[in-house]
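Colleague: One structure, pasted below without further comment.
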Amino acid sequence: MKLLNHWKSLSLLALAGMLLAGCGANSVAARKQERLAAYEALSPEMRSLVDQGNITRGLDTNAVYIAWGPPAQVTQGENDLGETTTWSYYGTFTQQTTYWGWRHVYYGYNPVNFISGQVTFTNGYVKQWQTYPAPGY
């Protein structure tokens with residue numbers, strides 16, 4: 001019975017992941033419509049990049065918003081080149097915990113958040129960006 005419940009939990013997690021992935025497929029298109037004037041102002045090369053969910057140095061905040069979506073956190077700063085703004089994006093993965101109970105091994109599954117990407121803008125344009133893999137716990 002416990003094995004059946006374990007498989008049900010895994011099935012529900014897989015289903016949730018597929019649903020979330022399906023929602024992401026339309027998000028670039030939805031954001032493109034939301035900021036259509038900014039999208040149309042991009043060069044054809046930049047439009048192609050944004051359509052694929054990619055970014056590069058020199059893009060403005062609207063283009064990054066269309067490609068990657070809204071940031072989870074925004075921080076402000078300054079350097080020799082001017083004002084900086086850093087957008088942080090978070091990802092989530094499921095961490096399995098194994099523990100012994102009364103005469104049985106039990107498994108727990110907990111969501112863990114991590115920074116999956118950051119974009120730093122200087123004077124409104126991408127100066128630097130990076131992505132990070134999920135931690136390998």
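Colleague: Out of 85, 94, 98, I need the residue that is among the polar types (S, T, N, Q), in contact with a Phe, Trp or Tyr (Cβ under 7 Å, 6 or more places away or on another chain), closer than 28 Å to residue 33 by Cβ and not in a loop (DSSP other than H, G, I, E, B). Which one?
Modeller: Sole residue among the options that is among the polar types (S, T, N, Q), in contact with a Phe, Trp or Tyr (Cβ under 7 Å, 6 or more places away or on another chain), closer than 28 Å to residue 33 by Cβ and not in a loop (DSSP other than H, G, I, E, B): 85.
Colleague: Take the residues in the range 94-130 that are polar (S, T, N, Q) and farther than 30 Å from residue 59 by Cβ, then tell me which one is nearest to the chain's Cα centre (by Cα).
Modeller: 94
Colleague: Right, here's the next one. Residue under question is residue 41, and the condition is that it be farther than 24 Å from residue 134 by Cβ, surrounded by fewer than 16 Cβ atoms within 10 Å (Cβ to Cβ) and at pLDDT 90 or above; does it hold?
Modeller: Values: farther than 24 Å from residue 134 by Cβ: yes; surrounded by fewer than 16 Cβ atoms within 10 Å (Cβ to Cβ): yes; at pLDDT 90 or above: yes.
In short, yes.
Colleague: Can you list residue pairs whose Cβ atoms sit under 6 Å apart, with the first residue in the range 91-109 being under 30 Å from residue 131 (Cβ atoms) and touching a residue at least 40 places away in the same chain (Cβ under 8 Å) and the second being among the small types (Gly, Ala, Ser) and in a strand (DSSP E or B)? Count only pairs 6 or more apart in sequence or on different chains.
Modeller: Taking only residues 6 or more apart or on different chains, the pairs are 91/116.
Colleague: When the residues of the range 40-64 are filtered to those that are touching a residue at least 24 places away in the same chain (Cβ under 8 Å) and among the small types (Gly, Ala, Ser), which remaining residue is farthest from residue 120 (Cα to Cα)?
Modeller: Only one residue tops the list, namely 53.
Colleague: Now for a separate question. Please enumerate the residues belonging to the range 110-137 that are assigned to a strand (DSSP E or B) and either touching a residue at least 40 places away in the same chain (Cβ under 8 Å) or among the hydrophobic types (A, V, I, L, M, F, W, C) (or both).
Modeller: As a first pass, look at the range 110-137 and keep what is assigned to a strand (DSSP E or B): 110-122, 125-131.
Of everything in the range 110-137, those that are assigned to a strand (DSSP E or B) and either touching a residue at least 40 places away in the same chain (Cβ under 8 Å) or among the hydrophobic types (A, V, I, L, M, F, W, C) (or both) turn out to be 112, 114, 115, 117, 119, 121, 122, 125, 126, 127, 128, 129.
Colleague: Can you tell me which residues in the range 92-123 are under 30 Å from residue 76 (Cα atoms) and of a type in the set (A, V, I, L, M, F, W, C)? Quick ask: steps written out before the conclusion?
Modeller: First pass over the range 92-123, keeping only residues under 30 Å from residue 76 (Cα atoms): 92-93, 111-123.
Listed by number, the residues that qualify are 93, 112, 114, 115, 119, 121.
The values are calculated or read from the model by the stated rules, or taken from the named source; none is laboratory data. From a predicted model like this one, the values you see are computed outputs, not experimental measurements. Note: ideal-geometry Cβ built from the backbone for every residue, glycine included; neighbour counts use all protein chains shown.
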